[in-house]
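The values are calculated or read from the model by the stated rules, or taken from the named source; none is laboratory data. Since we're looking at a predicted model, the values are computed, not measured. Note that we place each Cβ from the backbone using ideal geometry, even for glycine, and neighbour counts take in every protein chain shown.
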Amino acid sequence: MAIIEISCVEVWREISNYLDEEISPDLRDRMEAHFSACAHCTAVLDGTRNAVALLGDGRLFQMPEGFSKRLYKKIQGLP
Amino acid sequence: MSIPRPLLQSNEAQLIKRICDGEPEAFYELVRPYERMIYAIAISILKNPADAEEVAQEAVLKAFSNLVSFRGDAKFSTWLAQITYNEAKMKLRKARPHLYESIDAQQQNEDGDYSPRDFADWRPIPSELLEVSEIRETLLNAINLLSSTYREVLVLRDVQLLSIKETTTILGISEAAVKTRLHRARLLLRDSLAPGFDGFWSKGQTYRKVRPW
């Protein structure tokens, strides 16, 4: 069965849901067909995926030095 | 004073019961796995480490005094995240009411399509580069440039890796709103990280003028 083409604008609209697998299999197939032919959308997809991966890396948000210890002390002061 | 190691075996329900039965020492065990989450939520709203730490502590104390009212409808972590979020918002409102209003005004404009600003096909930024404080700073700055509506969703979903459902509970918004804001946030972040015309993250003289590495 032929995959119905979708436009770049429609692809951009769904890129985040695509990464989260929050789209129907049908739409996913159409988007994948689009990515295989469109370098611009693939670049947007790869860049977005890269940004998301960096955010999820535990090294990004570092707690201030001594944070745990101070929190522990606060809790120890509880009645 | 040594910090106790979390007892991974004991589940949260048991810990909560022990605390409610008069063993407050168990409370640190309960919140310890979520320290980073609490801090990340607070700083994503307040942007300032000292304020974020203060709010994180207040949220934890508040969770303690309200623990008896925790019904277990949501996960403990979601409940704790919600308290932290509300405390941080309250602090922001008190400290900078004018700023809070202007952020609220921005929130109106989240409909409509977002077009990527450029289509640079950059080389992936390897996660090892997060060891470099300059790279971390650049990323954190890019996150801080987002309006708070987008930043909050991005931090819960992509930094803390919470589910869409947990995010809706914490922020008190619909699933559709979570998805729309997350989408916008991710594309905006990608745009602000886009390396410009030469497409290199780690090499290239021209590029160095734009990026610090």
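Okay, here's what the table says:
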{"quantity": "Only one of A:Leu71, A:Leu27, A:Leu60 that is in a helix (DSSP H, G or I), in contact with a helix residue (DSSP H, G or I) (Cβ under 9 Å, 6 or more places away or on another chain) and closer than 30 Å to B:Glu131 by Cβ", "calculated": "A:Leu71"}
{"quantity": "Candidate set: segment B:120-135, residues that are within 15 Å of B:Ser192 (Cβ to Cβ) and facing chain A (nearest Cβ under 8 Å); chosen: the one nearest to the chain's Cα centre (by Cα)", "calculated": "B:Ile125"}
{"quantity": "Tally, over segment A:47-75, of residues that are acidic (Asp, Glu) and at the interface with chain B (Cβ under 7 Å from one of its Cβ atoms)", "calculated": "1"}
{"quantity": "Residues of segment A:22-61 classified as surrounded by fewer than 16 Cβ atoms within 10 Å (Cβ to Cβ), farther than 25 Å from B:Ala177 by Cβ and of a type in the set (S, T, N, Q), total", "calculated": "1"}
{"quantity": "Lone unmet requirement of (1) at pLDDT 80 or above; (2) surrounded by 12 or more Cβ atoms within 10 Å (Cβ to Cβ) for B:Tyr114", "calculated": "(1)"}
{"quantity": "Residue match in segment B:6-18 (condition: surrounded by fewer than 15 Cβ atoms within 10 Å (Cβ to Cβ), more than 16 Å from A:Lys74 (Cα to Cα), modelled with pLDDT under 90 and in contact with an Asp or Glu (Cβ under 7 Å, 6 or more places away or on another chain))", "calculated": "yes"}
